[in-house]
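Data block below; observations after.
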Amino acid sequence: MLISVLGLTNGHLTVCILTAAPKGYKGPEQNALGNLLVIFLLGGIFAGVALDWLWLIGKKDAF
């Protein structure tokens, strides 16, 4: 239950930021900011997955 609530609230917050942040800019800056936000979001997801994978490898009976 807790993970579902955290996923929904963080997902909603992320969508709000990704849609509202570029509106303050015009033209090429708006596109560049949107691209940067997506790159950093994907980088954070990748870093979280990689660190979780390393954490599992460090455990003795992970698999």
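Any read-out appearing in this document is the output of simple, stated calculations on the displayed coordinates, not a laboratory observation. Everything numeric here is computed off the predicted structure, so don't read it as measured data. Quick reminder, even Gly has a Cβ in these numbers, built from the backbone with ideal geometry, and neighbours come from all protein chains shown.
Scanning region 28-35 for any residue that is exposed (fewer than 10 other Cβ atoms within 10 Å of the Cβ), out of contact with any strand residue (DSSP E or B) (no Cβ under 6 Å at 6 or more places or on another chain) and assigned to a helix (DSSP H, G or I) turns up at least one such residue. Listed conditions (1) in a helix (DSSP H, G or I); (2) free of Cβ contacts under 8 Å to residues at least 24 places away in the same chain are all met by Leu41, apart from (2). Looking across region 13-27, the residues that are in a helix (DSSP H, G or I) and surrounded by 10 or more Cβ atoms within 10 Å (Cβ to Cβ) come down to Leu13, Thr14, Val15, Cys16, Ile17, Leu18, Thr19, Ala21, Pro22.
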